[in-house]
Amino acid sequence: MSDDFAHRYGPWALVAGASAGLGAAFAEQLAARKLSLILIARQRPLLEELAARLGREHGVSVRVAAADLGAPDLLATARAAADGVEVGLVVYNAAFSLIGRFLEQPLDEKLRIIDVNCRGPLILADEFGRAMAQRRRGGILLMSSLAGARGSPLVATYAATKAFNLVLAESLWDELAEEGVDVLACRAGATRTPGYETSKPQGKVPIMEPGPVVAQALAALGRRPSMVPGLINALADFFLSRLLTRRAAIRVMSRATRKLYPPSH
Ligand SMILES: NC(=O)c1ccc[n+]([C@@H]2O[C@H](COP(=O)([O-])OP(=O)(O)OC[C@H]3O[C@@H](n4cnc5c(N)ncnc54)[C@H](OP(=O)(O)O)[C@@H]3O)[C@@H](O)[C@H]2O)c1
């Protein structure tokens, strides 16, 4: 199984946003499948610690690049990080988000969400997708969210970028299939990560651990255009998409987000 995976998506995987949370779990599970890794994130010490551990435990090579995926020179950074190696899989995991009312958020912060969440994956899909298409082999996995399926008040810009990730991946799933490249969007629900915990959600929602989200996403790569990890998330998505009107579904999202992030929080 691990041989098949490495043959199809190896020898190197690039994980963008790899220092913690779901990105670190992707790195871990890809190393277990014997892929060598290029790990990108801003926090170099976390990357180096993870790289040393994965190299030790799984016997794979690991390169790290401490960089901001929202920076204008992302393409040059990615090219330098991948210099001389064959990247057979790109996982774009990093995201930036703001919670609160759209008009109360500074424009430059909202534009930064677009840079990290949309410009970044577009650049890496273009750069590495082209090389994969030439080799007629490879995979691209973009992290989307259940929030990207419809209007999501109080996370409007973030949710819109997650719709971008979903539609980009699903479109490329069809286009690049002709070139032998598998593309997948993972539409995650609440997942226990540093990013989620830092947002200090109030109250309880069903939450998944990063490991099962990543395992389910990797298992779905090459099998479908997008996937929702976890049965509860899949049921919630079915309810919101198929049983409610669009207007009602947006209201449900609005109420849920306001409950999780009350004005005083
Ligand atoms: N957690 C959830 O509940 C949830 C739900 C639905 C979808 N998702 C999606 O899952 C993905 C991962 O979420 P997460 O919760 O694991 O996030 P997280 O805990 O905030 O971790 C994000 C990772 O990306 C890196 N990163 C963030 N901004 C970066 C930047 N500008 N440049 C380089 N690296 C950057 C972070 O490392 P550094 O700080 O070292 O840069 C970290 O390694 C996102 O695409 C998110 O939309 C998450």
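Any chance segment 140-147 includes a residue that's surrounded by 20 or more Cβ atoms within 10 Å (Cβ to Cβ), of a type in the set (A, V, I, L, M, F, W, C) and over 30 Å from His7 (Cβ atoms)? Walk me through it before giving the result.
Taking segment 140-147 and keeping what is surrounded by 20 or more Cβ atoms within 10 Å (Cβ to Cβ), we get 140-147.
Checking the rest, the ones that are also of a type in the set (A, V, I, L, M, F, W, C) come to 140-143, 146-147.
Subsequent filtering for residues that are over 30 Å from His7 (Cβ atoms) retains 146-147.
Looking for residues that are surrounded by 20 or more Cβ atoms within 10 Å (Cβ to Cβ), of a type in the set (A, V, I, L, M, F, W, C) and over 30 Å from His7 (Cβ atoms), one finds at least one in segment 140-147, hence yes.
Counting only residues that are among the small types (Gly, Ala, Ser) and more than 9 Å from the ligand (Cβ to nearest atom), how many does segment 188-220 have? Write out each step before concluding.
Pass one, segment 188-220, residues among the small types (Gly, Ala, Ser): 188-190, 195, 199, 203, 211, 215, 217, 219-220.
Then drop every residue that is not more than 9 Å from the ligand (Cβ to nearest atom), which leaves 203, 211, 215, 217, 219-220.
Summing the residues that are among the small types (Gly, Ala, Ser) and more than 9 Å from the ligand (Cβ to nearest atom) in segment 188-220 gives 6.
Kindly list, by first and then second residue, each pair from a residue in segment 46-72 that is over 15 Å from Phe26 (Cβ atoms) and assigned to a helix (DSSP H, G or I) to a residue that is modelled with pLDDT of 95 or more and among the aliphatic types (A, V, I, L, M), limited to pairs with Cβ atoms under 9 Å and residues at least 6 apart or on different chains.
Glu48/Val64; Glu48/Ala66; Ala52/Val62; Gly55/Ala31; Gly55/Leu37; Gly55/Val62; Glu57/Ala31; Glu57/Ala32
Tell me the residue from Glu179, Glu175, Glu197, Glu170 that is part of a loop (DSSP other than H, G, I, E, B) and under 26 Å from Leu141 (Cβ atoms), please.
Values: Glu175 fails: part of a loop (DSSP other than H, G, I, E, B); Glu197 fails: part of a loop (DSSP other than H, G, I, E, B); Glu170 fails: part of a loop (DSSP other than H, G, I, E, B).
Just one listed residue meets the conditions, Glu179.
Go through segment 13-32 residue by residue and tally those that are part of a strand (DSSP E or B) and out of contact with any strand residue (DSSP E or B) (no Cβ under 9 Å at 6 or more places or on another chain). Explain how you work it out, then say what you get.
If we filter segment 13-32 for residues that are part of a strand (DSSP E or B), which is where we start, we get 13-16.
Filter once more, keeping what is out of contact with any strand residue (DSSP E or B) (no Cβ under 9 Å at 6 or more places or on another chain): none.
Selection size over segment 13-32: 0.
Name the residues in segment 122-142 that are farther than 21 Å from Gly10 by Cβ and either within 11 Å of the ligand (Cβ to nearest atom) or of a type in the set (Ser, Thr, Tyr) (or both), would you?
Within segment 122-142, none qualify.
Among the residues of segment 115-129, is any under 16 Å from Glu170 (Cα atoms) and charged (D, E, K, R)?
Yes - at least one qualifying residue is present in segment 115-129.
So Trp173 clears everything in (1) at pLDDT 95 or above; (2) within 30 Å of Phe5 (Cα to Cα); (3) within 15 Å of the ligand (Cβ to nearest atom); (4) open to solvent by 30 Å² or more (accessible area, probe 1.4 Å) except one condition, right? Which one?
(3)
Only one of these conditions is not met by Ala71: (1) more than 16 Å from Gly17 (Cα to Cα); (2) near the ligand (Cβ under 9 Å from one of its atoms). Which number is it?
Just one mismatch for Ala71, condition (1).
Taking the stated definitions as given, is Leu184 in a helix (DSSP H, G or I) and of a type in the set (A, V, I, L, M)?
Numbers: in a helix (DSSP H, G or I): no; of a type in the set (A, V, I, L, M): yes.
No, not satisfied.
Considering each residue of segment 81-94, count those that are surrounded by fewer than 24 Cβ atoms within 10 Å (Cβ to Cβ) and within 15 Å of the ligand (Cβ to nearest atom), and give that number.
Matching residues across segment 81-94 total 1.
The values are calculated or read from the model by the stated rules, or taken from the named source; none is laboratory data. Not measured: the values here are computed from a predicted model. FYI the Cβ positions are ideal-geometry reconstructions off the backbone, even for glycines, and counts take in every protein chain you see. Ligands, DNA and RNA are stripped out before the accessible areas are found, and what is left, the full protein with its side chains, is counted by its heavy atoms. Shrake-Rupley method; radii C 1.70, N 1.55, O 1.52, S 1.80 Å.
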